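The values are calculated or read from the model by the stated rules, or taken from the named source; none is laboratory data. Everything numeric here is computed off the predicted structure, so don't read it as measured data. For neighbour counting, all protein chains shown are included, and Cβ atoms are generated from backbone atoms with ideal geometry for every residue, glycine included.
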Amino acid sequence: MRITAVAAAPVRLAIPYPLYPGVGAGTKIEWGKRSRFTPLRPTPMLEYVLVRIETDEGVTGWGEAQADIGFFGETVEQVRAAVADYMGPQLIGKDPMDRERLQGVIDYRGNGCAKSGISMALHDLAGKAMGVPVSVLLGGRMRTHVPVAVEVAGGKPDAMAQACVDLMAQGVRAFKPKVGGDPDADADRLRAIRAAVGPDVSIRADANQGYSPKEAIRLCRLCERHGVGLELLEQPVAVHDLPGMAFVRRSVDTLIEADESCFTPQDALAIIRHEAADVLNIKLGKAGGFLGAMKIAALAEAAGLKCVLGTGFGLGLEIAAKAHLYAALEQVTDAVEFTELSLHANLLRPPWDTRLALPLEDGRLPVPDGPGLGVELDQDQAAQSRAMPAST
Ligand SMILES: [Mg+2]
């Protein structure tokens, strides 16, 4: 089997509100300083690139890549061009089953989201060709359902608590509020959430690099003193401050997770060498796809660390892809983050349009069991959401 075409199509979805509202709302380094709002993007939106890989045997694989300059450092224009103009042409004529080799062929510096979109499409294609789910390609289907966590935008304590209560009514049982401004005010936010959701719900906190090391230690100590029961604190300090993150980790009982500091397997190794985190956050877009994600998980296993699969946002293919990864990875034991469920409907065809969506049954999503990713995009909906950026 040979690859005959690789196509990339931008997709843009409006969302009701930005997840990170800005300064004074629980985070001091996110959108307030690094706004997503520009003349080309005046309203809250999420952007993606759909990837389609075709073969001479008629089997087609689909993937999707997130595009977000603030977190991943890749715009939708960059991801489209990287897939269609640079990486795609390298794949023409090659055997799509050679996934490890092909990942090496497109292993340009950075570009994790573009690589991830191709990785997803190659795995979907290989699974369809072999008649097995992607989770089987990744090592086996250990689990059939995924517990779900959802991120909560920073804001006033009662508003954040109410957002969690509303999501609980939809079956969500794990939350990751955004913090990272003032540790005392943030501790009040987390206490309000705990009081509202009760003792049996997981609360993680994500600082998005918003603290100094000593501020992060203060937040953890306040939460420990007031019985907030924080499952973990994610990315308390700046990306490259691994000594600072190690200082936080040594100083508190709360588990510390690396997110922005952990894109690649090499990043994971640096975190392990610095003893800077207890938990590694894996996202397909950071790791450049399934193979990078599996390598980070292997490093974590060897070092005795846990892993969390974080929100990368997705149209539906990404949701399925993360469910397959969770099903196959033993060291990911806790809830997987699918914040997009709370922001927009997915673009999948029935029955997965409702099965991979809120409300949840028992706080979990089912892992698709069909060949490949086991889900199909609704092409009409995708076409309606197609967006060529205004600059091209
Ligand atoms: Mg994060």
* Structure fact -> Residues of region 34-68 being over 30 Å from K128 (Cβ atoms) and within 16 Å of the ligand (Cβ to nearest atom), in sequence order, are R34, R36
* **Among (1) in contact (Cβ under 8 Å) with a residue 60 or more places away in the chain; (2) crowded, with 23+ Cβ neighbours inside 10 Å; (3) in a loop (DSSP other than H, G, I, E, B); (4) among the hydrophobic types (A, V, I, L, M, F, W, C) - the single one A321 does not satisfy** => (3)
* Please work out which residue is modelled with the lowest pLDDT, limiting yourself to region 210-235 and to residues that are touching a Ser or Thr at 6+ places or on another chain (Cβ under 9 Å) and closer than 16 Å to E260 by Cβ. => G210
* Inter-residue pairs, beta-carbon under 6 Å, first not assigned by TED's automatic domain parsing to the domain that holds T75 and modelled with pLDDT of 95 or more and in region 283-296, second polar (S, T, N, Q) and not in a helix (DSSP H, G or I), 6+ apart -> G285/Q66
* Selection within region 269-299 - within 16 Å of the ligand (Cβ to nearest atom), within 20 Å of P213 (Cα to Cα) and either touching a Lys or Arg at 6+ places or on another chain (Cβ under 7 Å) or assigned to a helix (DSSP H, G or I) (or both) -> I271, A276, A277, D278, V279
* Answer from V248, V201, V237, V179 - the residue that is away from the ligand (no atom under 16 Å from the Cβ) and in the same structural domain as L358 (by TED's automatic domain parsing) -> V201
* **Only listed residue being more than 20 Å from I282 (Cβ to Cβ), in a helix (DSSP H, G or I) and within 15 Å of the ligand (Cβ to nearest atom), chosen from D166, D158, D186** => D186
* To do: Using the structure shown, decide if V165 is surrounded by fewer than 19 Cβ atoms within 10 Å (Cβ to Cβ) and either at pLDDT below 95 or of a type in the set (F, W, Y) (or both).
  => no
* Structure fact -> The condition of being touching a Phe, Trp or Tyr at 6+ places or on another chain (Cβ under 6 Å), surrounded by 14 or more Cβ atoms within 10 Å (Cβ to Cβ) and within 25 Å of D259 (Cα to Cα) holds, among Q66, Q78, Q103, only for Q66
* **Residue check for A121: buried (at least 22 other Cβ atoms within 10 Å of the Cβ), over 17 Å from K295 (Cα atoms), in contact (Cβ under 8 Å) with a residue 12 or more places away in the chain and assigned by TED's automatic domain parsing to the domain that holds T264** => no
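Does A207 qualify as being within 16 Å of the ligand (Cβ to nearest atom) and either surrounded by fewer than 16 Cβ atoms within 10 Å (Cβ to Cβ) or modelled with pLDDT under 95 (or both)?
yes
Conditions tested, residue by residue: (1) surrounded by fewer than 18 Cβ atoms within 10 Å (Cβ to Cβ); (2) on the phi > 0 side of the Ramachandran plot; (3) modelled with pLDDT of 90 or more.
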residue	(1), (2), (3)
V308	no, no, yes
T311	no, no, no
R355	yes, no, yes
A382	no, no, no
* What's the number of the condition V228 fails, among (1) more than 13 Å from the ligand (Cβ to nearest atom); (2) assigned to a loop (DSSP other than H, G, I, E, B); (3) surrounded by fewer than 19 Cβ atoms within 10 Å (Cβ to Cβ)? -> (3)
